[in-house]
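The values are calculated or read from the model by the stated rules, or taken from the named source; none is laboratory data. Since this is a predicted model, take the numbers as computed values, not measurements. As a convention, Cβ positions derive from the backbone with ideal geometry for all residues, glycine included, and neighbour counts pool all protein chains shown. Each accessible area value is taken on the protein alone, full model and side chains, heavy atoms only, with ligands, DNA and RNA left out. Shrake-Rupley method; radii C 1.70, N 1.55, O 1.52, S 1.80 Å.
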Amino acid sequence: MLALGLSSLALPALAACNRDTGLGGPPQNATPRVTPAPGSQDPSASGSPSAPESSSGEDEIPVSKDLDKIKVKGKKGTEPKITVPAPWGIDKTRVKVLDAGDGATVPKGAPVTVSYHGVNGRTGETFDSSWQDGEATPITFSLDGVVAGFRKGLQGQKVGSRVLIAMPGKDGYDEQGGSGDGTIMVGDTLIFVVEIEATLLSGPEGKAVAPKDGLPTVEDTKKGPKITIPKTKAPTKLTHQPLVKGSGPEVAETDTVHLRYRGVVWDSGKVVDDNYGDDVETTTLGDTLIPGFTKGIIGQTVGSRMLLVIPPKQGYPDGNDEPKVPKDSTLVYVVDILFAQATQGQ
């Protein structure tokens, strides 16, 4: 990307990154226990156990091959109440859709925003929840950074769904020797009810918007958007025109965003920046990007496709060597905003 090193940025660690989606930001102690990957230290633990502990009477815990005995009360959008005939265990990670959504499908390893409630099958007690005082407090993290059972349970599900997930210890906290504080022991089955609020989109989703006259036109092709420059002088002011208006949250100034984009030079129509056909770009907004790009994205909604016309002063007034941008060039970008979350530490 035409920015300060954007193309070399790697996917950030999203494991403990929370986003205020308008339903109320999670409190500081709401970092979900499900987020650490196996082998990492549980953030709630005061120290690592010297040897893995097993559930007391583990051999006597019945192991089920279905979820029939787990009862969930409460409608989607309200705090779930999970009851289980403890002690109870599951043979492998199993999933049941309690209320199907019709949103985007959760891709493998993608970032997700969820609300969840977790119960230990051995004790029947709640050990973790993103619900606070009856209010949903959505949490955002990457599926690459969670225990295997949580990842297996969410991949392929639809945004808007409420799902029941039960996972055996091997897909939960066994590799960590339990939680370290005694609430989860080796062999414990973990049970979750999860509401999927958002995930990485595969492309723009929303309502088409008719652009203003005189702007470049954009046509979809198999290789990405084709940008055609009109035979007129370039605008002298920054233009940010929605072509598709997404229904997701607004992008904040300090967000980490997931984007696809294509950029051309107004005078020549030459493509100088492009990631269609490659991995989705992940970056933080702010000083790492050329000013016109950042200003054109802030305040827009996830799911949107934006047309940006960036005058030289807000791009590269003196030109750029790699990629090659002539001095005083006006840049035109098509940008698909596929996901956004608050940057960790903000």
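Laid out as a table, the results:
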quantity	calculated
Scope the range 119-175; condition part of a loop (DSSP other than H, G, I, E, B), in contact with a Phe, Trp or Tyr (Cβ under 9 Å, 6 or more places away or on another chain) and of a type in the set (A, V, I, L, M); matching residues	VAL147
Filter pass, SER329 being within 23 Å of the chain's Cα centre (by Cα) and touching a residue at least 24 places away in the same chain (Cβ under 8 Å)	no
Scope the range 194-207; condition out of contact with any Ser or Thr (no Cβ under 7 Å at 6 or more places or on another chain) and open to solvent by less than 80 Å² (accessible area, probe 1.4 Å); matching residues	VAL194, THR199, LEU200, LEU201, GLY203
Restricting the range 329-346 to residues that are at pLDDT below 95 and outside any strand (DSSP E or B), the residue that is nearest to LYS231 (Cα to Cα)	THR343
LYS231, sole failed condition from (1) more than 13 Å from LEU308 (Cα to Cα); (2) crowded, with 19+ Cβ neighbours inside 10 Å	(2)
Checking GLY277 against (1) at positive phi; (2) open to solvent by less than 20 Å² (accessible area, probe 1.4 Å); (3) modelled with pLDDT under 95, the condition it does not meet	(2)
Residues of the range 83-107 satisfying the condition of being aliphatic (A, V, I, L, M) and crowded, with 19+ Cβ neighbours inside 10 Å	VAL84, ILE90, VAL95, ALA104, VAL106
Close pairs (8 angstrom Cβ cut-off, 6 or more residues apart or separate chains): over 22 Å from LYS158 (Cβ atoms) in the range 84-98, surrounded by fewer than 16 Cβ atoms within 10 Å (Cβ to Cβ) and aliphatic (A, V, I, L, M) anywhere	GLY89/VAL63; ILE90/VAL63; ASP91/VAL63
Given (1) at pLDDT 95 or above; (2) crowded, with 20+ Cβ neighbours inside 10 Å; (3) of a type in the set (A, V, I, L, M), number of the condition ILE298 does not satisfy	(2)
